[in-house]
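Down below is the structure, laid out as structure tokens.
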Amino acid sequence: MKRKGFTFLAVMLALMLIIAGCGAKSDNNSSSSSGNTSSSSGGSSSSSSSSSGGSNSSGSEQVEITLNGWGASPEEEELLQQTLDEFMKKYPNIKVKYEVISEQYMDVIKTRLIGGQAGDVFYLDSSEAEALFAQNVLEPLNGYITDEFDIGDIEEPLLNAFKGEDGNYYGFPKDSSTLVLFYNKKHFEEAGLSGPPTTWEELREYSKILTKDGRYGLGVAPELARQMFMIEAYGGKVVDEDGKAAFATPEALQGLQLVIDQHLIDKTSVQPTEVGSGWGGEMFGQEKVSMVLEGNWAIPYLNNTFPDLEYGTAEVPTVNGKKVTMAYTVAYVMNKQSKHKEEAWKLIEFLTGKEGMKIWTSKGLALPTRKSVAAELGYDKDEYRAAIVAGSSYAIPWQVGKYGPIIMNNFNNQFISAFLGEQTLENAMKAAVETANKEIEAMQ
Amino acid sequence: MSRRKLRETAAGYLFLLPTLLVIGTFLLVPIVYALFLSFHKVQLLGGISYRFIDIGNYTRMIDDDRVWIALYNTFEYALIVVPLQTALAILLAAVLNSKLRGRNAFRVLYFLPTVTSSAVLTLIFMWIFKTDGLLNDLLGFFGFPAFNWLGDPKVALKAIMLMNVWSTAPYFMVIYLAALQDIPDSLYEAAEIDGARTLRKFWSITLPLLKPVTFFVVTMGIIGTFQLFDQAYIFSNGSGGPNNSTLTVVLLIYQYAFKNLDMGYAASLAVMLAAVIMLITVIQRRLFGEEKLN
């Protein structure tokens, strides 16, 4: 009996050893592959030298690279495919496989990066950029840039969103949008208002006039991505130099208080779930609200889903006498573990270069980040998009430092509760800052 | 002789090997690995590394408000859902065990929600829970106030409770049904001769005889409710919002593991959850066991 137990133990131990052995083996693999990547990143100088003669060597070998992105509307995906087809026509030896990650994009891409399964090139939102730079998983692109690529043509704030602290560019913005005020022309006419509000005070006055018959003046998205400019309008900051939360200062609260007051005191604004909608564009299209702050993405949606809606766009009303808005941008970045860096760069170069960007932004589903492309396509004179283009000169890029996800999560959680009147804004923001900073400290 | 015995033993283990391998790889090793991780600070992105930090991950929990919120939410959820779904399951089983017309049809109908994928159920229920959705229409019809089920922190968790009771009660109903078939008719007949009515029979015969099954149902129910994840995840799009009101322990583990990539801390939270569930099961066993003695 005793002996049986011993045998059992021995068998189990052997089993553990086998499995542990497998684990060790895979560890070896990963360490050797990381050795490879370090050697190839050391060889980035050689790759830049070969980039001049890249077209010669490229003719011989067929290479497949993978592009990861999140899902979008069918029109957008078709347009992207068209752009990629154009790229493959230009470089017949490179085949691009476009792979969509439809849900929880960042969670999935991070997991794939760990497992070595991420695409050679993938999308990266500006808000997540700084967190990823610090992790040493992206290929610095400085060594690849050529004069022809003309980096100065790209809007500077958007370009800088993907510049690491080490001065390296880790990605180039593919498109961008700022927030603008969408207003329902029919509602405005009925209410006897001649045009969109130009100051936040006017916006609140107008909202009072427009709120009637179960309809509300303004639709609000109570989250940091949309409210950050209210924090900065009175001189507040979302994060300090160390990346820690700092949005509970009196200056920061002053702007946010306007949003809260309009919802709780004026009762002229609502969030989407209060009227049974999924997001701002939807409740605006369903005419449950007369005004909403959204970006370029709402224009194709409104035109397709609500073709009869008469609406206009205008720059965000000034807050504290200042012009303010947010800028959202997404870049193409390169996976450091990519086995085909030369080809991956070719793809980034094409997609964020003049040629590719012109195709990608030609239908106005996305707006260009290159000044030359924007001028050529004439979006600064477009009926709906002129306001979006105008905003890009003073917009605040949507970026909240290295600890973005923590800051965002805590702000959103507490701001909602203040927005619903469960606690004062000051208490809510103090709690959010405290929790966020505690989490950041615990991470280190 | 001893050699033969050895061969016999070896043959025995050879037969066991497939099972041992499967259990070892998918049960034992993950448990040991989770324990190992829970004492380490794990760096995943950009080169994997482990750093031993003793019980640092466990002491961190004490200071982490979100852990307490998640535990509170999970306890509240279990405390309301488990009794409700158990009672509902007994009730449904008792009704369907009687000689109703078309009871097979009813059995299938009641069991359907359990067969449906919980992800699909949640999406459908989110439509029902919309401010201008079916549930609010129904409440309005009976003169009750409407709620913002998806957006109001006060009721968001209740919405998930409602959905879960509805979808898991039938599963336990089937277990009760099977147990009910085992109760001999003679007991009921004897009770009838003694002049017992339906309610009395249910109270004095059915319920006591179902006690072992009830123990099983409550235990499984508690484990299930403590592991609530998919509904809360879909409901809040992974954030646990609004205002942490749908943040459950497993959702928190997910957030730390995959959003913050803090595997060590996530593993320690998982170990903590396992300990809590074990503790509750032990307490519960005591309670049920003691009653048996009386």
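The values are calculated or read from the model by the stated rules, or taken from the named source; none is laboratory data. Remember, predicted model here, so these are calculated numbers, not experimental data. Neighbour counts run over all protein chains shown; Cβ positions are idealised from the backbone, glycine included. These accessible areas exclude ligands, DNA and RNA; they are computed on the full protein's heavy atoms, side chains included. Shrake-Rupley method; radii C 1.70, N 1.55, O 1.52, S 1.80 Å.
Remark: segment A:369-444 is approximated by an ellipsoid whose semi-axes, taken from the C-alpha gyration tensor as √(5λ), come to 37, 18, 8 Å, largest first.
Carbon and sulfur: what percent of the protein assembly as shown's accessible surface (1.4 Å probe)?
Ligands and nucleic acids excluded, carbon and sulfur give 60 percent.
The B-A contact accounts for approximately 3400 Å² of buried accessible area, totalled over both chains at a 1.4 Å probe radius. Both the radius of gyration and Dmax for the protein assembly as shown are 30.5, 105 Å, in that order, over alpha-carbon atoms.
Distance from the C-alpha centroid of segment A:263-296 to that of segment A:85-148: 34 Å, rounded to the whole angstrom. Charge tally for B:Ala267 (other residues, Cβ to Cβ under 13 Å; Lys, Arg +1; Asp, Glu -1): +1. In terms of overall dimensions, the C-alpha atoms belonging to segment A:243-381 reach 58, 46, 31 Å along their principal axes, ordered largest to smallest. Under 5 Å from the amide H of A:Ile396 lie the amide H atoms of A:Thr325, A:Met326, A:Ala327, each residue being 5 or more positions distant or on a separate chain, with H modelled from the backbone and absent for Pro and chain starts. Taking every protein chain into account, the accessible area of the protein assembly as shown amounts to 48 square angstrom per residue (probe 1.4 Å). Against chain A, whose longest principal axis is taken from its Cα atoms, helix A:200-210 shows a tilt of about 70°.
Amide hydrogen proximity for A:Val239: with H placed 1.01 Å from N in the peptide plane, the residues at 5 or more positions away or on another chain lying under 5 Å are A:Ala246. Hey, what angle do you get for helix A:2-42 against the long axis of chain A, alpha-carbon based, 0 to 90 degrees rounded to 10? The angle comes out near 70 degrees. Annotation: amide H of A:Asp175 within the under-5 Å range of A:Val330, sequence separation 5 or more or interchain, hydrogens built in the peptide plane.
The eigenvalues of the Cα gyration tensor, multiplied by 5 and square-rooted, give segment B:22-165 an equivalent ellipsoid with semi-axes of 41, 24, 15 Å from largest to smallest. Could you tell me how many degrees, from 0 to 90 and to the nearest 10, lie between the Cα long axis of helix A:250-261 and the main elongation axis, the longest principal axis, of the Cα atoms of chain A? Around 60 degrees separate the two axes.
If you take the Cα centroid of segment B:273-288 and the Cα centroid of segment A:382-434, the two points sit 43 Å apart. From largest to smallest, the equivalent ellipsoid semi-axes obtained for segment B:193-274 from the alpha-carbon gyration tensor read 43, 15, 7 Å. The residues neighbouring A:Asn320, those whose beta-carbon lies less than 12 Å from its own, together hold a net charge of -1 under the Lys/Arg +1, Asp/Glu -1 convention.
Compute the convex hull volume of the Cα atoms of segment B:103-157, divide it by the residue count, and report the result per residue in Å³ as a whole number.
Working: hull volume 5.9 nm³, N = 55.
That works out to 107 Å³ per residue.
When every Cα-Cα distance of segment B:113-215 is counted in 5 angstrom steps from zero, the calculated P(r) takes the values 2, 11, 15, 14, 11, 9, 9, 12, 9, 6, 2, 0 percent.
The relative contact order of segment A:87-210 comes to 15 percent, based on Cα pairs under 8 Å that sit 6 or more residues apart. Once the Kirkwood radius over Cα pairs is known for segment A:200-287, the Stokes-Einstein relation at 20 °C and 1.002 mPa s delivers a diffusion coefficient of 153 µm²/s.
Scanning chain B for DSSP H helices at least 27 Å long along the axis (C-alpha atoms) with a Kyte-Doolittle mean no lower than 1.0 picks out B:65-97, B:153-181, B:263-293. For the pair segment B:164-210 / segment B:20-62, the C-alpha centres are spaced 46 Å from each other.
In segment A:94-186, how does Rg compare with the Kirkwood Rh, expressed as the Rg/Rh ratio over alpha carbon atoms? My calculation of the ratio gives 1.03. Each label was represented as a point 7 Å from its Cα along the Cα-to-Cβ direction; for A:Glu434 and A:Asp261 these points are 2.6 nm apart. Taking each DSSP H run with n ≥ 4 as -39500 (n - 2.57) and averaging over every residue of chain A yields -15000 deg cm²/dmol at 222 nm. For A:Lys237, the aspartates and glutamates whose Cα comes closer than 16 Å to its Cα, not counting residues fewer than 8 places off in the same chain, are A:Glu223, A:Glu251, A:Glu426, A:Glu434. Translational diffusion of chain B, estimated by Stokes-Einstein from the Kirkwood radius over alpha carbon pairs at 20 °C in a medium of 1.002 mPa s, is 95 µm² per second.
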